[in-house]
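Quick notes on the structure that follows.
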Amino acid sequence: MTISQSIGNLKEIRFLHLEDNKLDAQMIQLVLNQLDTKIKYELVDNESDFKKALKTTTPDIVLSDMNLPDYTGLDALEYLNSHMPQIPVIVITGSIEEEVAARTIQLGAWDYVVKERLHRLPSAVENVMNLKIEKEKSNRVSKLNQNILETTPSAVFTVDTSGTITSWNKMAETITGFMADDIIGENCKTMRSDICINNCLLFDPERPPGPVQNVECDFLDVHGNKQFILKNADLLFNAKGEIIGGIESFVDQSEKVKMTKELQEAKNKAEESDRLKTAFLANISHEIRTPLNAIIGFSELIADSENEHDAKQGFFEIIKSGSDQLLSILDKIMQLSLIEGGDVKIDHKVFDLNILVKGILQQHKTNISSKKLKLSLVQPEELSLNSDSTRISLIIDNLMENAVKFTDEGEIGFGYEANNDSVMFFISDTGCGIPANIGDKIFERFYRVKDPAHLTPGSGLGLPISKALVEALGGKIWYESEENKGTCFYFKIPNLYIKESINPITYSVLHMPSNQFG
Ligand code: ADP
């Protein structure tokens, strides 16, 4: 658009003229009338009228004389600069003051015209108006850019060629926690992590030209926490095509990274659970078949009338033990399904723990002695416990069963110790031990340490059941183990039994593992 075209598009140009010399004012108005555009002209000759006029109208241009009786063109310029900087000022002056007038340009005047060369005024007006229109346009564009930057869901910032941050939008504040006032002027490396710095190829001369697109990296937020982002960046050029900096936009990926991690974990868990279930089914069908086959086979032998009475007695015992085994497996499956359904009811009552333990040990006596294992017992002379005796029996039973099952020689240790409000149990053995890398996986349902020969029967349910029951009783369970040396399971549960005075506990010590009771 040419200068005159842009002016021609205006309906009128409004002038406010500060001039005390009426003749000069008339002359100037005559010159202005030569402009193609309609003009609106207002003349004032003192400071007070000048300021009053500015309150009622907003002129497109102020024309100002340099020297009035009590006011100068410089005063008018200063006033406009601080109150209405968007209004252009053309200083009109006599030739003797041309030097001073030229200085007004440095102070913010848009142009000056010497009274003796007033023919220059229309072109000065056109230039100034054109500049004003361009300025307004660029202000509108930069305001629009600013609005876009402030409302975009992406963080956007710019840097100069040294990486110093030159602008920082609202979303950048939200994602990083760094406020624009604090971060502008800082080097953008302030918030980069090493990976991000290494990925920042924007100013790398080796990089093929073009934007940096969809690079995933992380940075450190204002609290030093690692955040994950997806960034795009490009170089910024000046009109001469020289690189003047870079612009980067990024979106927060932390939630996505977190979700992906959770999904991956859930997938791994589901796969592991699936694998365990398959292993369990294979295992359980073997575990159920073995006693079932014995029951079926020996039932047929009993039915065979040719067999002797004594032999039949032996068959009965085998059938009985097969039935017990079957019952125990089915029982564990039932218990686990109750636990998994969140249906573990705890029934507190006061009972004598020593009597309960005596009964449990009785059940394992046969297995212990048939394997020629020694049993060591550590227990207080008397101990009243307020808890759920059925659940405690089950836990001890499971752990005892495992200790005997996985030990071929040596001894089984069992004991418990009470303090004011809790009881801690241990069940130790000198068996095959649990490999060190297994950790708490041992408590996962269906988990069994790989036993290539499939020699030891089991379902992988005893420990998860025990753990769930201990936790339901408000306690915790853990173990120590060394391969080929032995294992010791511990569990500690609260004792709700309150006694006025607690007698010093005397122990009948036969065996005590490590110093866990310290
Ligand atoms: P099960 O004994 O029926 O297989 P558990 O859940 O009770 O199921 O035990 C899971 C696995 O933990 C066992 O298969 C075994 O590999 C290991 N384990 C448990 N107790 C012991 C122990 N005292 N000594 C060695 N390994 C053990």
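Look at segment 421-437 and say how many of its residues are within 8 Å of the ligand (Cβ to nearest atom), part of a strand (DSSP E or B) and either β-branched (Val, Ile, Thr) or surrounded by fewer than 19 Cβ atoms within 10 Å (Cβ to Cβ) (or both).
So the count comes out to 1.
Could you check segment 374-420 and list, in sequence order, the residues that are without any contact (Cβ under 8 Å) to a residue 60 or more places away in the chain and either among the basic types (Lys, Arg) or away from the ligand (no atom under 16 Å from the Cβ) (or both)?
The answer is Lys374, Glu382, Ser389, Thr390, Lys405, Asn419.
Among the residues that make up segment 438-451, is at least one of them under 41 Å from the mean Cα position of the chain (by Cα), more than 8 Å from the ligand (Cβ to nearest atom), part of a strand (DSSP E or B) and not aromatic (Phe, Trp, Tyr)?
Checking segment 438-451: not a single residue is under 41 Å from the mean Cα position of the chain (by Cα), more than 8 Å from the ligand (Cβ to nearest atom), part of a strand (DSSP E or B) and not aromatic (Phe, Trp, Tyr).
When you go through Gly474, Gly439 one by one, which is the residue that is out of contact with any helix residue (DSSP H, G or I) (no Cβ under 8 Å at 6 or more places or on another chain) and within 18 Å of Gly342 (Cβ to Cβ)? Quick ask: steps written out before the conclusion?
Details: Gly439 fails: within 18 Å of Gly342 (Cβ to Cβ).
Just one listed residue meets the conditions, Gly474.
Residue-by-condition table, conditions (1) more than 17 Å from Gly177 (Cβ to Cβ); (2) in contact (Cβ under 8 Å) with a residue 40 or more places away in the chain:
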position: Cys217; (1), (2): yes, no
position: Asn225; (1), (2): no, no
position: Ile229; (1), (2): no, yes
position: Leu235; (1), (2): yes, no
position: Lys240; (1), (2): yes, no
position: Ile247; (1), (2): yes, yes
position: Glu262; (1), (2): yes, no
position: Glu265; (1), (2): yes, no
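Within segment 381-411, track down each residue that is farther than 25 Å from Tyr447 by Cβ and touching a helix residue (DSSP H, G or I) at 6+ places or on another chain (Cβ under 7 Å).
Glu382, Leu383, Leu385, Ser389
Of everything in segment 452-480 that's part of a helix (DSSP H, G or I) and within 12 Å of the ligand (Cβ to nearest atom), which residue is farthest from the chain's Cα centre (by Cα)? I'd like the intermediate steps shown before the answer.
First, pick out the residues of segment 452-480 that are part of a helix (DSSP H, G or I): 462-472.
With the extra rule that they be within 12 Å of the ligand (Cβ to nearest atom), the set shrinks to 462-468.
Working: Gly462: 37, Leu463: 34, Pro464: 31, Ile465: 34, Ser466: 34, Lys467: 31, Ala468: 30 Å.
Out of the qualifying residues, it is Gly462.
Being in contact with a helix residue (DSSP H, G or I) (Cβ under 9 Å, 6 or more places away or on another chain) and not β-branched (Val, Ile, Thr) narrows it down to one residue among Pro59, Pro69, Pro85; which is it?
Pro59
Taking the criterion of being over 30 Å from Thr260 (Cα atoms) and in a strand (DSSP E or B), would at least one residue in segment 184-193 satisfy it?
Within segment 184-193 (the criterion being over 30 Å from Thr260 (Cα atoms) and in a strand (DSSP E or B)), the answer is yes, since at least one residue qualifies.
Need the failing condition index for Thr164 against (1) within 30 Å of Ile28 (Cβ to Cβ); (2) at pLDDT 85 or above; (3) hydroxyl-bearing (Ser, Thr, Tyr), just the number.
So the condition that Thr164 fails would be (1).
Suppose the filter is over 30 Å from Thr174 (Cα atoms) and touching a residue at least 24 places away in the same chain (Cβ under 8 Å); does Ile333 pass it? Full working, then the answer.
Working: over 30 Å from Thr174 (Cα atoms): yes; touching a residue at least 24 places away in the same chain (Cβ under 8 Å): yes.
Answer is yes for this residue.
I need a count of the residues in segment 381-416 that are in a strand (DSSP E or B) and under 19 Å from Glu471 (Cβ atoms).
Here the count works out to 4.
The values are calculated or read from the model by the stated rules, or taken from the named source; none is laboratory data. Because the structure is predicted, anything quoted here is derived from the model rather than measured. When we count neighbours, we look across all protein chains shown, and the Cβ atoms used for this are built from the backbone with ideal geometry, even at glycine.
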